[in-house]
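So the structure is just underneath, and the comments pick up after that.
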Amino acid sequence: MEERAGLTREFAERLEKRLDELKWLYAELYHNDENAFRYFLSMLERMYEARPEELKALDREREQSAGWYRSNEVLGMMLYTNCFAGNLRGVREKLPYLKEAGVTYIHLMPLLASPKGRSDGGYAVADFRQVEPELGTMEDFAALASDCHKSGMSVCLDFVMNHTSEDHEWARRARAGEKEFQDRYFFFDNWNIPNEFDRTVPQVFPTTAPGNFSWCNEVGKVVMTSFYPYQWDLNYANPTVFNDMTENLFFLCNQGADIIRLDAVPYIWKSLGTDCRNLPQVHTIVRLMRMAAEIVCPGVQLLGEVVMEPSKVVPYFGSTEKPECHILYNVTTMATTWHTVATKDVRLMKHQLGQIFALPKQYLFLNYLRCHDDIGWGLDYGFLKQFGIGEVGHKRFLNDCLRGYFYGSDARGELYNDDLRLGDARLCGTTASLCGIEAAEYEGNVWKLDRAIRLHIMLHAFLFTQSGVPVIYSGDEIGQLNDYGYHNDPYKWDDSRYLHRGAFSWDEAALRKDTESREGRIFNALRKLETLRSAHPVFLTAADTWIIETYNDHILGIGRYYDGEKLVALFNFSPQDETAWVNEPENYTDLMTGEPRRAQAVGIPAFDFAWLLWSREEEKREKEAEAAAKEAEKERKTAEKKKAAEEAAQKTAKKEAEVKQASKEVASKKKTEKVAEAKTVETAEKPKKSDEKASEAALEQEAATEQKAAEERKAAEERKAAEEAARKTVEAVMKAEDAAKKAGKAAQSKRAASGTKGKKKGTKK
């Protein structure tokens with residue numbers, strides 16, 4: 001009981017905050033119908049109580065992190081369950097592929113029960129609480145949603161609120177004549193009032209489904225069918241319709257849907273004498289649904305499909321005090337993108353984005369290049385008029401160009417709902433085929449293929465540069481081409497939108513690992529773009545955005561700034577290389593290459609782009625790294641000088657040691673030579689010993705003082721001098737010996753002469 005009391009208290013607190021406004025708006029819309037309002041409140045409590053606990057826990061988590069869906073890590077993908085993986089269980093099995101592709105939320109195109117052949121691609125709902133049997137069960141959907149939540153992914157479902165299928169229980173009981181259920185639609189006894197409506201109400205599909213009313217044979221009455229005859233418009237002036245449809249919405253939320261796409265929301269209120277579009281009561285209903293969701297399932301976001309001109313789209317955000325939709329389709333930018341592809345002129349895009357950038361940052365758009373639907377040319381023709389461009393003629397030009405009817409155009413699209421009277425045809429085709437990939441592959445033209453792939457990638461880079469939630473259509477991540485097989489299907493042949501609703505090719509997806517293939521080039525390029533986007537806060541919705549003037553009508557420039565990061569994004573829509581004449585002073589890094597690049601007179605190849613990022617933190621790190629590098633270089637040079645000095649000292653010491661050793665060897669050699677010479681001239685040596693010692697000392701002293709000189713030369717000179725002295729000594733000794741010999745002989749002769757004289761004297765006696 002305590003747990004239930006706590007949960008009930010949670011509901012009561014949420015209700016209390018909004019009760020006054022709820023009651024006031026409900027009473028205004030439904031003329032103070034208190035019984036209907038009490039039922040409405042009881043329904044809210046009942047749906048809150050029925051909500052699974054794991055989803056309630058997710059609600060509380062998301063309430064604490066308001067704006068979780070505004071993250072730059074969010075990437076959506078739109079897909080038809082049967083086309084993508086056969087059924088809901090197949091989608092569960094393919095979740096790893098979606099994770100690999102960087103997808104964080106999947107938009108499952110209409111999957112509720114609808115009659116075959118009269119389903120309008122699932123938008124003619126026969127049962128809001130039953131999945132189309134061939135796709136699985138509601139339990140299968142709940143299991144898929146649970147797996148997605150565990151993987152950090154969210155799920156979007158369509159809520160078709162303007163009409164039901166003629167096979168819906170309410171419609172069947174209305175055909176059976178039950179007045180209560182006829183009152184849930186617009187039934188008329190004759191064509192008088194329908195004809196009055198037709199005077200002011202435009203036709204949605206003037207060629208494939210002309211008119212706004214159809215005859216119902218079973219009851220003999222006219223019923224309002226704004227879209228197709230098998231889709232009956234609901235009467236939201238009846239509070240029972242509002243109550244029950246809101247309950248159906250919360251039933252889907254309680255199965256695990258995180259985002260609810262409000263289909264065709266501008267059409268839901270009808271009033272005679274108006275165009276039945278965007279009436280004030282529509283905004284009241286959306287506001288009521290927003291508050292009801294904040295009470296029952298505050299973690300769920302409302303996505304409004306408003307395919308109108310910008311002035312009609314923005315009001316669906318509501319106000320800061322009274323918000324309506326959390327997210328809106330940015331359909332105008334989508335259409336303007338393809339206008340720019342066809343014209344190669346970015347002036348209208350600059351004008352369109354300028355209007356978007358001027359809106360409050362809390363306004364969140366879902367941005368896309370293609371979806372399941374056609375491309376309607378809801379452009380700003382008031383702006384184009386200044387260039388002499390008229391609406392009808394320009395629409396014809398765009399359709400012809402993007403079908404490849406113009407020389408030089410490789411686009412391959414088809415018309416949808418060609419109204420020859422108004423010239424208001426729309427266009428169908430996959431992104432890849434409209435970019436020219438299909439034509440290039442058909443021709444086997446490698447050059448054209450390369451250019452078309454660049455255009456495909458550039459458009460996705462432009463998509464990821466915009467603030468909001470980027471969503472790609474299944475198959476665009478591998479460049480899937482048009483599927484012309486629908487022409488042979490009797491259930492599809494009259495609806496050219498099936499041209500881009502073909503089955504996903506898993507064989508082509510398998511080629512994503514081959515970086516040389518079309519599939520691999522596109523898949524890996526888009527994955528890189530997504531990774532860069534999620535890694536840099538400058539891509540957050542809260543960032544400041546502006547148009548950068550490039551002074552080139554072929555190149556679109558977008559600036560973004562957030563918390564010390566600045567992005568300069570440049571997109572060349574021309575088939576020729578162009579220059580963006582920008583002059584941004586900071587030092588930038590090319591995000592795609594990681595290389596430094598100046599944002600000045602930037603050259604952009606044909607159909608290419610540049611993401612140039614300046615980061616205050618990165619600049620600070622670079623300066624710190626530069627200073628550290630300079631200090632390291634200084635220390636390196638100091639260390640080198642020290643090492644060089646040490647090596648020089650070591651060399652000097654070694655040289656000195658070598659010189660000293662050489663001197664010792666020379667002195668020793670000289671001493672040995674002197675001793676030998678002394679022995680040969682022993683007689684002459686004795687008087688010379690003191691001189692030799694003096695000579696040896698002089699030689700040693702001489703060697704010591706001449707260490708840095710060439711010792712060998714000096715040694716040779718000293719050796720020569722010694723030899724010369726020895727020679728002279730020997731010569732002196734020899735001269736002395738000769739003189740002694742001569743003296744001896746003279747003395748001998750004298751002695752001999754003296755003896756003879758004595759003998760003669762003796763004889764005389």
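Of 559, 520, which residue is more than 19 Å from residue 454 (Cα to Cα) and not in a loop (DSSP other than H, G, I, E, B)?
Values: 520 fails: more than 19 Å from residue 454 (Cα to Cα).
Going through 559, 520 in turn, just one is more than 19 Å from residue 454 (Cα to Cα) and not in a loop (DSSP other than H, G, I, E, B): 559.
Quick grid of which residues meet (1) touching a Ser or Thr at 6+ places or on another chain (Cβ under 6 Å); (2) surrounded by fewer than 19 Cβ atoms within 10 Å (Cβ to Cβ); (3) within 30 Å of residue 92 (Cα to Cα):
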{"position": "160", "(1), (2), (3)": "no, no, yes"}
{"position": "176", "(1), (2), (3)": "no, yes, no"}
{"position": "180", "(1), (2), (3)": "no, yes, no"}
{"position": "193", "(1), (2), (3)": "no, yes, no"}
{"position": "207", "(1), (2), (3)": "no, yes, no"}
{"position": "210", "(1), (2), (3)": "no, yes, no"}
{"position": "216", "(1), (2), (3)": "no, no, no"}
{"position": "220", "(1), (2), (3)": "no, yes, no"}
_One residue is enough: does segment 195-216 have a residue meeting the conditions in contact (Cβ under 8 Å) with a residue 12 or more places away in the chain, over 51 Å from the mean Cα position of the chain (by Cα) and farther than 30 Å from residue 421 by Cβ?_
no
*Residues in segment 32-55: is at least one under 35 Å from the mean Cα position of the chain (by Cα) and either in contact (Cβ under 8 Å) with a residue 40 or more places away in the chain or farther than 30 Å from residue 135 by Cα (or both)?*
yes
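Looking at segment 577-591, can you tell me whether even one residue there is hydrophobic (A, V, I, L, M, F, W, C) and touching a residue at least 60 places away in the same chain (Cβ under 8 Å)? Give the steps one after another, and end with the answer.
Going residue by residue through segment 577-591, those that are hydrophobic (A, V, I, L, M, F, W, C) are 580-582, 591.
Filter again for touching a residue at least 60 places away in the same chain (Cβ under 8 Å), leaving none.
No.
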*If we scan segment 352-364, do we find a residue that is in contact (Cβ under 8 Å) with a residue 60 or more places away in the chain, out of contact with any Ser or Thr (no Cβ under 9 Å at 6 or more places or on another chain) and under 30 Å from residue 539 (Cα atoms)?*
yes
*What are the pairs, 6+ residues apart or on separate chains, where a residue within segment 604-621 that is part of a helix (DSSP H, G or I) has its Cβ under 7 Å from a residue that is surrounded by fewer than 23 Cβ atoms within 10 Å (Cβ to Cβ)?*
616/564; 617/564; 619/587
*asked:* Just to verify a result, which residue in segment 294-351, among those that are polar (S, T, N, Q) and farther than 30 Å from residue 12 by Cβ, is farthest from the chain's Cα centre (by Cα)?
replied: 311
*Would you list the helices (runs of 4 or more DSSP H) that sit entirely within segment 1-113 and hold 2 or more residues that are of a type in the set (Ser, Thr, Tyr)?*
2-29, 34-50
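Would you point out which residue out of 391, 414 is in contact with a helix residue (DSSP H, G or I) (Cβ under 8 Å, 6 or more places away or on another chain) and modelled with pLDDT under 95? Explain how you work it out, then say what you get.
Numbers: 414 fails: modelled with pLDDT under 95.
Unique residue meeting the criteria: 391.
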*asked:* Residues that are touching a strand residue (DSSP E or B) at 6+ places or on another chain (Cβ under 8 Å) and farther than 23 Å from residue 228 by Cβ: does segment 375-396 have at least one?
replied: no
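Can you find, within segment 1-55, the residue that is modelled with the lowest pLDDT among those that are aliphatic (A, V, I, L, M) and exposed (fewer than 12 other Cβ atoms within 10 Å of the Cβ)? If you could, list the steps in order and put the result at the bottom.
Residues of segment 1-55 that are aliphatic (A, V, I, L, M), as a first pass: 1, 5, 7, 12, 15, 19, 22, 25, 27, 29, 36, 41, 43-44, 47, 50, 55.
Filter again for exposed (fewer than 12 other Cβ atoms within 10 Å of the Cβ), leaving 1, 5, 50.
Numbers: 1: 36, 5: 50, 50: 97.
Here the answer is 1.
Every residue, every condition in (1) buried (at least 21 other Cβ atoms within 10 Å of the Cβ); (2) in contact with a helix residue (DSSP H, G or I) (Cβ under 7 Å, 6 or more places away or on another chain), yes or no:
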| residue | (1), (2) |
| --- | --- |
| 438 | yes, yes |
| 444 | no, no |
| 460 | yes, yes |
| 463 | yes, no |
| 471 | yes, no |
| 474 | yes, yes |
| 497 | no, no |
| 503 | no, yes |
| 508 | no, yes |
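The values are calculated or read from the model by the stated rules, or taken from the named source; none is laboratory data. All values reported here derive from a predicted model rather than from experimental measurement. Every residue, glycine among them, receives a Cβ derived from its backbone with ideal geometry; neighbour counts consider all protein chains shown.
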